[in-house]
Amino acid sequence: MRPVYPLRTDRLVLRPYEPADFDDFYAYRSRRDVYRYLFADHLEDRAVAEEAFAKKMTQTELTEEDQWLVLAAYWPEAGRVIGDVVLSWLSEEHRQGEIGYVFNPEFHGKGLAREAAAEMLKIGFNDMNLHRIIATCDPRNEPSWRLMERLGMRREAHLREYEICKGEWRDAFIYALLEEEYARA
């Protein structure tokens, strides 16, 4: 499944990353406060960030499970990429997916992450015919789980000491939305 790009929401343009987007990407992906609660390593080192960015530029379609669709969230009003959203195809047999999002803190509180994440749910349910889509976050990341709730997702689990990340045991909240719930919303 490859969306017809660019995708447009009320205020955003969602599209694959382009080489010219690296400085915008690095502006938020290199921030420690952005990585505080993510289950990923910090991209402070520019060379490491360039490798991660190059990989994200290739993640433009979902043709088999375990792949990630990664889209830059470009906000014309700001004239730059302000974040990214992802959709992972977890299981073809069970029609499962996962969404995620990372946004530049300069643009928090404007509903932009909700707008972009809602588009990923739309792709998952309407274009891919998924049955269930999940999202995961560190329970300390209240803005993230609140966003999941605003998207209509429900908390299904609080996994205690789920994995070791950045040298400490981390908990995880698992949220989910079923296609029938999405259709009613």
Test: residue in segment 122-137 that is in contact (Cβ under 8 Å) with a residue 12 or more places away in the chain and among the aromatic types (Phe, Trp, Tyr): yes
The listed residue being surrounded by fewer than 18 Cβ atoms within 10 Å (Cβ to Cβ), part of a helix (DSSP H, G or I) and out of contact with any Ser or Thr (no Cβ under 8 Å at 6 or more places or on another chain), out of Ala157, Ala183: Ala183
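Give the number of residues within segment 74-103 that are touching a Lys or Arg at 6+ places or on another chain (Cβ under 8 Å), surrounded by 14 or more Cβ atoms within 10 Å (Cβ to Cβ) and on the phi < 0 side of the Ramachandran plot. Can you show your working first?
Within segment 74-103, the first condition is being touching a Lys or Arg at 6+ places or on another chain (Cβ under 8 Å), and the residues that meet it are 74-77, 84, 94-97, 102.
When the remaining residues are screened for being surrounded by 14 or more Cβ atoms within 10 Å (Cβ to Cβ), the result is 74-75, 84, 95-97, 102.
Now drop any that are not on the phi < 0 side of the Ramachandran plot, which leaves 74-75, 84, 96-97, 102.
Going through segment 74-103 one residue at a time, the tally reaches 6.
Scan segment 137-154 for residues that are open to solvent by less than 70 Å² (accessible area, probe 1.4 Å) and within 15 Å of the chain's Cα centre (by Cα) and jot them down. Spell out the reasoning first.
Step one: of segment 137-154, the residues open to solvent by less than 70 Å² (accessible area, probe 1.4 Å) are 137-139, 141, 144-145, 147-148, 151-153.
Correct list: Cys137, Asp138, Asn141, Ser144, Trp145, Leu147, Met148, Leu151, Met153.
With a cut-off of at least 1 residues that are over 15 Å from the mean Cα position of the chain (by Cα) and of a type in the set (Ser, Thr, Tyr), name the strands (runs of 3 or more DSSP E) lying wholly within segment 1-108. Reasoning before the result, please.
Numbers: elements: 13-15, 68-75, 80-91, 96-103.
Output list reads 80-91.
Answer yes or no as to whether Glu115 is under 19 Å from Tyr17 (Cα atoms), buried (at least 17 other Cβ atoms within 10 Å of the Cβ) and among the acidic types (Asp, Glu).
The answer is yes for Glu115.
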Residue pairs meeting the criteria (Cβ under 7 Å; at least 6 apart or on separate chains; first at negative phi, in segment 12-40; second assigned to a loop (DSSP other than H, G, I, E, B) and buried (at least 18 other Cβ atoms within 10 Å of the Cβ)): Phe25/Tyr17; Ala27/Asn104; Tyr28/Asn104; Arg29/Leu43; Ser30/Leu43; Tyr37/Asp138
Where Trp145 falls short, out of the listed (1) free of Cβ contacts under 8 Å to residues at least 12 places away in the same chain; (2) part of a helix (DSSP H, G or I); (3) farther than 21 Å from Leu71 by Cβ: (1)
Cβ-Cβ under 7 Å pairs, at least 6 apart or on other chains, segment 53-78 side over 13 Å from Arg15 (Cβ atoms), far side modelled with pLDDT under 95 and open to solvent by 40 Å² or more (accessible area, probe 1.4 Å): Leu62/Met1
Filter result for Arg11 (surrounded by 14 or more Cβ atoms within 10 Å (Cβ to Cβ), basic (Lys, Arg) and closer than 29 Å to Met128 by Cβ): yes
Thr58 modelled with pLDDT of 95 or more, open to solvent by less than 50 Å² (accessible area, probe 1.4 Å) and of a type in the set (Val, Ile, Thr): no
Qualifying positions in segment 43-52 - surrounded by 15 or more Cβ atoms within 10 Å (Cβ to Cβ) and in contact (Cβ under 8 Å) with a residue 24 or more places away in the chain: Ala49
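The values are calculated or read from the model by the stated rules, or taken from the named source; none is laboratory data. Being a predicted model, the structure only gives us computed values, none of them experimental. No Cβ is skipped: glycine too gets one built from the backbone with ideal geometry, and neighbour counts run over all protein chains shown. The area values use the complete protein model at the heavy-atom level, side chains included, leaving out ligands, DNA and RNA. Shrake-Rupley method; radii C 1.70, N 1.55, O 1.52, S 1.80 Å.
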